[in-house]
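Here the structure is laid out as structure tokens; the discussion comes afterwards.
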Amino acid sequence: MSPAGVQLRRASVADLAAIFALERSIDTAPHWPLACYAAILDSQASIQTLTGEQPTTPKRSLFVAETLPQAEIVGFAVGLVHSAEAVAELESMAVAASARRAGIGGALCAAVLDWCREQGAASVTLEVRAGSTAALALYAALGFSQAGRRPRYYSDPEDDALILRLPLTPLKSEHK
């Protein structure tokens, strides 16, 4: 379910500049090269469209949250599934400072979690700065629990990384 006035959807190539600008505007976001986001979109589209098959392991998906009717990208999230191991990751998530505390982060996480379930993942992990109290509260509300810690993992500012994990309930199959 999307927050009022916000649409969640799979990202497209047309969103790349806005995703990159948003990511760069947040000091604590992981700063990936633009080519990484482009590769996610390229693999999503080309493998499925050209071959009719799902991408091989690992699979990635990039979701965006955009305001309506302005169509401004105010958040994004990246999910990764290692199919062979049935393990997934919430690799990255960012929400514009002006759009925080409106349910967008939770909605993006839910979209990634649902996608991970659809791909057959049994659990999702993520890394978060130990000092990110708002993010930790969000992840705790979603049911994540701490599975590990990496001391001094982040720099600028230096911080530990907490590894969080969430077991996923399988999708219910429909019986005829």
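The values are calculated or read from the model by the stated rules, or taken from the named source; none is laboratory data. None of these values were measured; they are calculated from a predicted model. FYI the Cβ positions are ideal-geometry reconstructions off the backbone, even for glycines, and counts take in every protein chain you see. In case anyone asks, the SASA skips ligands and DNA or RNA and just uses the protein heavy atoms, side chains included. Shrake-Rupley method; radii C 1.70, N 1.55, O 1.52, S 1.80 Å.
Once C-alpha pairs closer than 8 Å and six or more residues apart are averaged by separation and normalised to the residue number of the chain, the relative contact order reads 18 percent. Within the chain, antiparallel bridges make up roughly 90 percent of the DSSP beta bridges whose residues both belong there. Averaged over residues, the count of other Cβ atoms within 10 Å places the peptides 110-116, 60-66 in the sequence 60-66, 110-116, highest first. Using the Cβ of Ala110 as centre and a radius below 15 Å, the other residues enclosed give a net charge of +1, where K and R count +1 and D and E count -1.
Between the listed residues Pro3, Ser145, Gly120, the Cα displaced farthest toward the positive end of the dipole of segment 1-150, a dipole computed from Cβ unit charges relative to the Cα centre, is found at Ser145. Taking the protein heavy atoms of the chain in the context of the full set of protein chains, the accessible area attributed to carbon and sulfur is 55 percent at 1.4 Å. Ranking of Leu34, Leu16 by solvent-accessible surface, largest first: Leu34, Leu16 (1.4 Å probe, protein heavy atoms only, all chains present). Computed from phi, the 3J(HN,Hα) profile of segment 138-152 under the Karplus parametrisation 6.51, -1.76, 1.60 (θ = phi - 60°) reads 4, 5, 5, 5, 7, x, 5, 10, 6, 10, x, 8, 10, x, 6 Hz, with x in place of Gly and Pro. 3J(HN,Hα) along segment 70-76, derived from phi through the Karplus expression 6.51 cos²θ - 1.76 cosθ + 1.60 where θ = phi - 60°, amounts to 5, 6, 8, 6, 10, x, 7 Hz, with x in place of Gly and Pro. The loop-placed GluC sites (Glu not before Pro) in segment 81-176, going by DSSP, that have at most 16 neighbouring Cβ atoms within 10 Å of their Cβ come out as Glu158, Glu174.
Dividing the convex hull volume of the alpha carbon atoms of the chain by its residue count gives 140 Å³ per residue. Taken per residue, the accessible surface of the chain reaches 55 Å², heavy atoms only and a 1.4 Å probe. Taking 0.36 nm per residue of separation and subtracting the current Cα-Cα distance, fully stretching the chain between Arg149 and Leu68 would add 25.3 nm.
Segment Ala17..Ala39, full-extension length gain: 6.5 nm, with 0.36 nm per residue of separation and the alpha-carbon distance subtracted.
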